[in-house]
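Novice: My questions will all concern the structure given below.
Since every read-out is calculated from the coordinates, none of them should be taken as a lab result. Note that this is a predicted model, so its numbers are computed, not measured. FYI the Cβ positions are ideal-geometry reconstructions off the backbone, even for glycines, and counts take in every protein chain you see.
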Amino acid sequence: MKADLEAKQLAEEIKEVALKAGADFVGIASANAIDALPSIWVGWTIQEYTKKTTDVMSDAKSIVVIGYHVWDDMLEIAIRKGEKWVYPGYFPLRTLRLKVIHHLEKMGYKAVPFRSVSHKRLAQLAGFGNFGKNALIINPTFGPWIRLTLVLTNAEMTPDKPFNQDLCGNCENCIKACPVGALTPYKVDDTKCLVGVHLIDKEITKYAKELKLYEPSLTKNSHLMCTECQKACKYGEEKH
Ligand code: B12
């Protein structure tokens, strides 16, 4: 009973820390809940199966899921740096994650960034939204305009309830809106998605016209990433 109360209080405290630091919402998922799901191959970025929490921390108990609202297209900027791309719109997430990590460490817990896992699955488990036909997590208030980061910890915290409502229903606006036909319900073809094309194709000739139309270039090395599938979503419109 006492342990339950402590877990609840700690969850509240951590949420407050992240919200005060500028997060738009925060949720808790239990390590057991994500470990119960089968691992999936994430060849795109990490070339391996998603990790179990215990592969990263032997006594892992909870994951703090942090959500950040993309309120303006400028946060979709991608800037080429040599062979690599940097995404300044994602920088605030690092600060938010660090604040949570420092707070947990000060309390004597272990806390590390959790990368090798599906962020979208964790967001659904932490109650942020449903996995939509645009292959993104859709939050009832912010729609798909959210970005995610995770902290794995051995602190016991009361988990939030998973989001189990279907927000998409019969709507297929995102699928129709994709200028290159990269979406089929719940799946993005990374060889077609304009955001992905930059990363796999150095020449980028096949979709040159679409890139010009949907990914405006601001400077020699930068462009705004395509957001057509997000714009088409009926959730979060008025917030963006
Ligand atoms: C690589 C990558 C891409 C690749 C796509 C590769 C792919 N096939 O997923 C490309 C470059 C195309 C891409 C594009 C974009 N991405 Co991206 N991407 C990632 C990244 C780094 C890894 C995803 C990955 O490896 N996927 C591989 C598949 C196998 O895993 P998965 O997508 O997580 O989930 C699959 C399975 O779990 C399965 N599944 C089966 N049952 C269930 C049940 C549930 C509930 C769930 C959730 C899933 C699920 O279906 C899923 C799709 O196949 C993640 C961050 C991360 N580490 O998770 C961001 C991430 C998914 N991307 C994100 C975003 C925002 C985008 C873009 C909008 C670009 C942008 N502005 O940042 C576009 C949108 C395109 C689209 N409509 O999906 C956000 C999503 C936020 C949200 N609202 O959901 C993430 C989480 C980044 C972040 N830190 O916030 N992305």
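Novice: For the pairs LYS61/LYS176; LYS84/LYS192; LYS15/LYS81; LYS51/LYS234; LYS81/LYS176, flag any whose C-alpha to C-alpha distance is greater than 31 Å.
Specialist: Cα-Cα > 31 Å for LYS61/LYS176; LYS15/LYS81; LYS51/LYS234; LYS81/LYS176; rest within.
Novice: I've got another one for you. So how do MET157, MET107, MET57, MET225 line up by other beta-carbon neighbours within 10 Å, fewest first?
Specialist: Placing the least packed residue first, the sequence is MET107, MET57, MET225, MET157.
Novice: Also, quick follow-up: Do any cysteines in the chain lack another Cys Cβ under 4.7 Å, and if so which?
Specialist: If one checks each Cβ against the other cysteines of the chain, CYS168, CYS171, CYS178, CYS193, CYS226, CYS233 turn up with nothing under 4.7 Å.
Novice: Between ALA177 and ARG80, what length in nm is gained on full extension when 0.36 nm per residue of separation is reduced by their alpha carbon distance?
Specialist: Between ALA177 and ARG80, full extension yields an extra 32.3 nm.
Novice: Moving on. Using the Karplus curve 6.51 cos²θ - 1.76 cosθ + 1.60 with θ = phi - 60°, what ³J(HN,Hα) values do you get for each residue of the range 18-27, in whole Hz, with x for Gly and Pro?
Specialist: With coefficients 6.51, -1.76 and 1.60, one gets 5, 5, 4, 6, x, 5, 8, 7, 9, x Hz.
Novice: Rounding to the nearest 20 debye, state how big the charge dipole of the range 173-239 is about its Cα centre with +1 on each Lys and Arg Cβ and -1 on each Asp and Glu Cβ.
Specialist: Dipole of the range 173-239, to the nearest 20 debye: 80 debye.
Novice: Give me the extension gain from THR54 to LYS239: residue separation times 0.36 nm, minus the current Cα-Cα distance, reported in nm with one decimal.
Specialist: 62.8 nm
Novice: Report the Cα centroid-to-centroid distance between the range 1-55 and the range 177-237 in angstrom, as an integer.
Specialist: Their Cα centres are 30 Å away from one another.
Novice: What is the order of HIS240, HIS102, fewest Cβ neighbours within 10 Å to most?
Specialist: So the ranking, lowest neighbour count to highest, is HIS102, HIS240.
Novice: Projecting each Cα onto the charge dipole of the chain (Lys/Arg +1, Asp/Glu -1 at the beta carbon, about the Cα centre), which of ALA155, LEU199, MET74 comes out farthest on the positive side?
Specialist: LEU199
Novice: OK, next. Could you identify which residue out of GLU16, GLU83, GLU215 has the top mean-square fluctuation in a GNM of the chain using Cα springs shorter than 10 Å?
Specialist: GLU83
Novice: Quick one: helix 91-106 against the long Cα principal axis of the chain, what's the angle to the nearest 10°, folded into 0 to 90?
Specialist: 10 degrees
Novice: Using amide H atoms built 1.01 Å from N in the peptide plane, name the residues 5+ places from CYS226, or on other chains, whose amide H lies under 5 Å from its own.
Specialist: VAL195
Novice: Find the centroid of the Cα atoms in the range 122-140 and in the range 76-98, then give the distance between the two in whole Å.
Specialist: Going from one Cα centre to the other spans 22 Å.
Novice: Something else about it: Can you list residues from other chains, or at least 5 along the same chain, whose modelled amide H is less than 5 Å from the amide H of ALA135?
Specialist: Sorted by chain and number, the residues that satisfy this are TYR186, LYS187.
Novice: Can you list the HN-Hα couplings for the range 170-179, worked out from phi with the Karplus curve (6.51, -1.76, 1.60; θ = phi - 60°), rounded to whole Hz and with x for Gly and Pro?
Specialist: Karplus-based 3J(HN,Hα) across the range 170-179 equals 8, 5, 9, 3, 5, 5, 5, 7, 5, x Hz.
Novice: Of GLY27, GLY108, GLY127, which is the most mobile in a GNM of the chain whose springs link Cα atoms less than 10 angstrom apart?
Specialist: GLY108
Novice: Next question, about the same structure. From the phi of every residue in the range 192-199, what ³J(HN,Hα) in whole Hz does the Karplus formula 6.51 cos²θ - 1.76 cosθ + 1.60 yield, where θ is phi - 60° and glycine or proline is x?
Specialist: These are the phi-based 3J(HN,Hα) values: 10, 3, 4, 5, x, 4, 4, 8 Hz.
Novice: Once amide H atoms are built 1.01 Å from N in the peptide plane, which residues 5 or more positions from VAL70, or in another chain, come under 5 Å H to H?
Specialist: ILE146, ARG147
Novice: Could you work out the pair-distance distribution P(r) of the range 93-240 from its alpha-carbon pairs, with 10 angstrom bin width and percents rounded to whole numbers?
Specialist: 10, 31, 32, 20, 6, 0
Novice: Here is a follow-up. Quick check: convex hull over the Cα atoms of the range 173-239, volume per residue in Å³, rounded to an integer?
Specialist: Normalising the Cα hull of the range 173-239 by residue number yields 99 Å³.
Novice: Okay, moving on. Under a point-charge model restricted to the Cβ atoms of Lys and Arg (+1) and Asp and Glu (-1), what is the dipole moment magnitude of the chain relative to its Cα centre, in debye to the nearest 20?
Specialist: 420 debye
Novice: Here's a follow-up. Can you pull the one-decimal nm distance between simple spin-label points at GLU13 and LEU213, each 7 Å off the Cα toward Cβ?
Specialist: 5.4 nm
Novice: A follow-up question, please. Go through the range 143-220 and name the chymotrypsin sites (Phe, Trp or Tyr not before Pro) that are in a DSSP coil and have 13 or fewer other Cβ atoms within 10 Å of their Cβ.
Specialist: Those satisfying the criteria are TYR186.
Novice: Also, I was wondering about something else. Only Lys, Arg, Asp and Glu count, each charged at its Cβ (+1, +1, -1, -1), so figure out the dipole size of the range 1-64 about its Cα centre, rounded to 20 debye.
Specialist: The dipole magnitude comes to about 40 debye.
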